[in-house]
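One structure below.
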Amino acid sequence: MLGSKTGLPDSKPPALSISPSKLKEGLMQRGKTRIFLVDVREPDEYADWKIDGSQNIPIDHLITPKGLRQIPKDAEVITICAHGVRSSQAAMFLRQKGFNAMNLAGGLAAWNKVYDMAPVPLNGKDLFELLQVRRVGKGCTSYMVCYQGQCAVIDPSVHTDEYVSAARKHGFKITHVMDTHQHADHVSGARALARAVGAKLYLNPLDAYRYTDFIPLKEGDMISLGDGGVAIEAVHTPGHTKGSTSFLIQRSGVLTGDTLFVEGIARPDLRNKADEYALDLFNTYRDKILSMPEQVTILPGHFSQQVKMEFGKPFSSTLKDIRRRIPLLEASKTEFTRYVLANIPPKPSNYESIVRINKGEEPYDPEAFDDLEEGPNRCAVKV
């Protein structure tokens, strides 16, 4: 916390704050109100994790005349930091200077709990509903496939009420829950959600879970909704993890989890077998993904800052476009593995603890997850 040496007040009443949900509402109506997001953290913090569209003005610079000239007088100014401490002081300072400033309550850690949903159009999708559920701050993406009153949830995050409420709103009952793989960047909500609603849980046992109350998934398994009119096919796609499984929906869309993204490819190193898993990944792309129809829609399990995510609108890409965008997919085995192993990003924060929780080796304690899941996802190798 900064004190009086910076000129910031540290003993006055707190500045007005805005909740993450209210900020989302404001950003969705940005054309009606000018909103200026100012992140007051240091540049290295900002570069690692931020809200799309925010401007970085570190707090020590913000309080200078030059810093103040960067703040528009005719905008609603929202100050941001990791937990709302520095940004609260910044908002108080700006209000004293005549700006309409509010602090993002709870900071980026609270923004991590904001969700957005978008219907996904697929070829032939006239019998069922497909919802893309985005955890905005974390970049996690889940899916809900709904048909004849039944719903399958794939890759749910830990805030399971989001899925229960969405199913209720759309008139569906959650009957099936699946994970594409054993996650390392966030705690999975799959087991908790299945237990809460009495749904069947499907996991690939190759990811070595320490519990057995799930239905084992293997290549070619079919999960049917309703009277069988909608089929979800399991496609074993190892490389990110040994048990990574993609889900092909009515042969028109494929939920790839962390196997393939619209802007990058999977990282193979989070189980300390990078050389082996990089080869698995090459074989997965060559033998499984690239053999699918070019017009199949790729729906990944995460998005990064490179993906333009708009509220209420789905993001996806056809396999044809991804092949054009990522020529590495067509590279030789040697070229592919050399590039992947040389371009692995930093590991996610607390990933080892998160993996142990998802395996069932450590207690599932939702009260501890906020701190554990701080920071961006780092699931993709950029190309």
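With the simple model of a label 7 Å out from the Cα in the direction of the Cβ, ARG168 to ARG251 spans 3.9 nm. Mind scanning LYS273/LYS347; LYS50/LYS359; LYS138/LYS288; LYS200/LYS382; LYS242/LYS359; LYS50/LYS113 and naming the pairs with a C-alpha gap bigger than 23 Å? Over 23 Å apart, Cα to Cα: LYS50/LYS359; LYS138/LYS288; LYS200/LYS382. Computed from the C-beta positions of GLU361 and GLU219, the FRET efficiency with R₀ = 25 Å rounds to 0.40. Using the Cβ-Cβ distance between GLN295 and ASP60 with R0 = 51 Å, the FRET efficiency computed as 1/(1 + (r/R0)^6) comes to roughly 0.45. For the chain, the longest principal axis of the alpha carbon atoms and the long axis of helix 333-342 meet at an angle near 30°. Axis of helix 274-284 versus longest Cα principal axis of the chain: the two differ by about 60°, to the nearest ten degrees. Beta bridges per DSSP, both residues in segment 118-382: antiparallel share near 70 percent. Report note on the peptides 113-119, 86-92, 190-196, 334-340: ranked by the mean count of other C-beta atoms within 10 Å, highest first, their order is 86-92, 190-196, 113-119, 334-340.
Computed over the chain, relative contact order equals 13 percent, with contacts defined as Cα pairs under 8 Å that lie 6+ residues apart. Annotation: extensible slack from ASP44 through ALA342 equals 105.0 nm (criterion: 0.36 nm per residue apart, minus Cα-Cα distance). Summing +1 for each Lys or Arg and -1 for each Asp or Glu among the other residues whose beta-carbon sits under 15 angstrom from that of TYR202 gives -3. Could you state, as a whole-number percent, how many of the C-alpha pairs of the chain are farther apart than 35 Å? Value for the chain (Cα pairs over 35 Å): 29 percent. Relative to the current alpha-carbon distance between PHE311 and THR33, full extension at 0.36 nm per residue lengthens the span by 98.5 nm.
The numbers here are math on the coordinates, done by the rules we state, and not lab data. The shown structure was predicted, so the numbers you read here are calculated from the model rather than taken from an experiment. Heads up, the Cβs are rebuilt from the backbone with ideal geometry, glycines too, and the neighbour counts pull from every protein chain shown.
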